[in-house]
Amino acid sequence: MPALALSAAFPTVADPEDLKVAAQEANAAGLSLVDVFLERGLVEEAMLQPLADELGWPWEPMLQPKLEEASELKRLCPARLALRHRLLPLGVEEMTSSTHASEEGGSEPAAPGRVLLLACYDPFDFMARQAVARTVSLPVRWCLAPREEVLRSIQAFYGVGADTFDDIMKSRDMDADDSHLRDEANVIDADDAEASVVKFVNQVIREALLQRATDIHVEPVQDNLRIRYRIDGVLHEVPVPENIKSLQASVLARIKVMARLDIAEKRLPQDGRINLKLDNQSIDVRVACIPSVEGESISLRLLGQERFTLAKLGLSAEYRAKVDTLLARPNGIVLVTGPTGSGKSTTLYTFLSQLNSISRRIVTIEDPVEHKLPGVVQIAVKPEISLTFASGLRSILRGDPNVVMVGEIRDLETAEIAVRASLTGHLVFSTLHTNDAVGGITRLVEMGVEPFLVSSSVRAFIAQRLVRSLCPQCRKPANYSPEQLSAAGFVIPAGHIIYSAAQSGCPACRSTGYYGRTAIYELVMVTPAIQDLIAQKANANTLLRQARRDGFISMREYGWQKVLDGVTTLEEVVRVTSEDHGAE
């Protein structure tokens, strides 16, 4: 339908001149007219329902393919046809007097009295209708649905990389070995037409990046090869093509080749890295391969080329001022505490990026190096050649650094060297695995560091956790009962509105109600009063009471402020924090 005709049919949709420009853009780029309208925001999806009425097509706002007919639907409408032309088969219906097929398939004789119900969002894509006529063996009855619903449902029904998988199964000798998986350039190219295991793995990684995943887990199970993405800290299982178990060895071997691991070694854990390019952006992937009883399980940590700035940490104004004070100090130790996956490394990289300048020499020793910082000397520990945190740190101090970062203080030797470095004029950053900030003090003393050395060298302990951020597009005012608020210890100021996640979410947040993550903190500054208590070997409760007198705010209290600001939810703060303790 021409743009001006569309405007005449729906005069409230957009300005005719805007529609004309969009039509010219679609023609020049060879794109679908409806796609260009939707991308430019000229036609809202609400317009598609009256368009369906105009065409006499059913309108399906929610798509639910008949899973009991999945095998037949995938045979009638193969993955390549569905993904290329954005079509979704919903079911096979019996032809009735009121049912009229809008297309006839031509490849095989149609079964009498049966019709395929096919959903799309672009009724003017005549290339798609011609492809359906050539491929589908049944008459077709069309229906219209929102674009986001069509795209989401296609991936859920066919699985990631389904079009490539179909071609592999048709062309590959299933008894062949994996010698053909040579080490090609690690470039994720969406336009690559080659149907191969290489392309299938690339599609899995590309889809993870598009969905903002931080990790990909490829896990063999008894009768399937399970793929999961970690998005905003939560694992989501990814739909995969049927019979993918038959390609398990090839998929795992391809990932190992990309990471330059030994594909013949299947009994021992291996670690490697992959350097990828996506749309001219470099992506660093850390690969960990673990043998299991069902086969090798591979985890991929996706590390983009991030820009680390203090603004991204989302610190409150009070905490930002304290952090600025710590970074301005010429020496001392700043320790970040928390469990694995709480964002400690990101916080440390942000501090180093803030300090990074021509006038400072910054050296780090990490296990492993997660992000590469320009201008910073970064060392990866290698225990097999006796390059440990302690030995590496000892060598670093002979290299005249101004700032040192130690990935983790794990033992007394490393702790003592870090303390000595801070006392000799170096600013040292490191991490500890403790539950809270005050626990960092007692952990160092329990390691065997003399209390007077802890009190004189450490400047601050920072504990943190990650909570999911509310999706700004679908968040809704919360409605908590007084009992729920009382149980959480949370008080809402009169007249203040807090928000919760929408139960069904929206397409922007993948129907989760959350989009992205933010950190919540607690910060213990080592004041003179705290120094005296450490030197006296005071217990954790005494230290916490003094910290509160010095202005300490617990992590849960910090999280409550994020809830009041509409950044996250009550449930998220309760999930990652323990009840406040030591309050006076």
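A few comments on the model shown:
- Scanning segment 455-466 for residues that are crowded, with 20+ Cβ neighbours inside 10 Å and touching a Leu at 6+ places or on another chain (Cβ under 7 Å) yields a total of 5.
- Looking only at segment 274-287, and only at residues there that are in a strand (DSSP E or B) and free of Cβ contacts under 8 Å to residues at least 60 places away in the same chain, the one that is most open to solvent (accessible area, probe 1.4 Å): GLN281
- Tally of residues being touching a helix residue (DSSP H, G or I) at 6+ places or on another chain (Cβ under 8 Å) and surrounded by 19 or more Cβ atoms within 10 Å (Cβ to Cβ) across segment 443-454: 4
- Number of residues in segment 317-343 that are surrounded by fewer than 17 Cβ atoms within 10 Å (Cβ to Cβ) and assigned to a loop (DSSP other than H, G, I, E, B) equals 7.
- Taking segment 305-315 as the range and being surrounded by fewer than 16 Cβ atoms within 10 Å (Cβ to Cβ) and of a type outside the set (Lys, Arg) as the test, the residues that pass are GLN305, GLU306, THR309, ALA311.
- Members of segment 344-362 that are of a type outside the set (Gly, Ala, Ser) and open to solvent by 40 Å² or more (accessible area, probe 1.4 Å): THR346, GLN354, ASN356, ILE358, ARG360, ARG361
- Filter result for ALA415 (within 16 Å of LEU543 (Cβ to Cβ), among the small types (Gly, Ala, Ser) and crowded, with 24+ Cβ neighbours inside 10 Å): no
- For segment 245-257, the count of residues that are surrounded by fewer than 21 Cβ atoms within 10 Å (Cβ to Cβ), assigned to a loop (DSSP other than H, G, I, E, B) and either under 14 Å from the mean Cα position of the chain (by Cα) or not basic (Lys, Arg) (or both) is zero.
Yes/no per residue for (1) surrounded by 15 or more Cβ atoms within 10 Å (Cβ to Cβ); (2) modelled with pLDDT under 65; (3) more than 22 Å from LEU83 (Cβ to Cβ); (4) not charged (D, E, K, R):
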residue: GLY105; (1), (2), (3), (4): yes, yes, no, yes
residue: TRP142; (1), (2), (3), (4): yes, no, no, yes
residue: PHE157; (1), (2), (3), (4): yes, no, no, yes
residue: ASP167; (1), (2), (3), (4): yes, yes, no, no
residue: ARG172; (1), (2), (3), (4): yes, yes, no, no
residue: VAL201; (1), (2), (3), (4): yes, no, no, yes
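- Pick from segment 533-555, criterion assigned to a helix (DSSP H, G or I) and open to solvent by less than 20 Å² (accessible area, probe 1.4 Å), ranking: nearest to HIS496 (Cα to Cα): MET555
- Qualifying residue in segment 365-386 (condition: touching a residue at least 24 places away in the same chain (Cβ under 8 Å) and at positive phi): no
- Qualifying residue in segment 295-311 (condition: assigned to a helix (DSSP H, G or I), touching a Ser or Thr at 6+ places or on another chain (Cβ under 9 Å) and either modelled with pLDDT under 90 or at negative phi (or both)): yes
- Selected residue (only one of GLY440, GLY425 is over 30 Å from the mean Cα position of the chain (by Cα) and either assigned to a helix (DSSP H, G or I) or farther than 24 Å from TYR521 by Cα (or both)): GLY425
- Any hit, segment 441-452, residues being within 26 Å of GLN354 (Cα to Cα) and among the polar types (S, T, N, Q): no
- Cross-chain or 6+ apart pairs with Cβ under 8 Å, segment 534-555 first and on the phi > 0 side of the Ramachandran plot and at pLDDT 90 or above, then in a helix (DSSP H, G or I) and among the charged types (D, E, K, R): none
- Evaluated against (1) touching a residue at least 60 places away in the same chain (Cβ under 8 Å); (2) open to solvent by 10 Å² or more (accessible area, probe 1.4 Å); (3) not in a loop (DSSP other than H, G, I, E, B), ILE290 falls short on exactly one condition, (1).
The values are calculated or read from the model by the stated rules, or taken from the named source; none is laboratory data. Bear in mind that the values here come from a model prediction, so they are computed numbers and not experimental data. For neighbour counting, all protein chains shown are included, and Cβ atoms are generated from backbone atoms with ideal geometry for every residue, glycine included. In case anyone asks, the SASA skips ligands and DNA or RNA and just uses the protein heavy atoms, side chains included. Shrake-Rupley method; radii C 1.70, N 1.55, O 1.52, S 1.80 Å.
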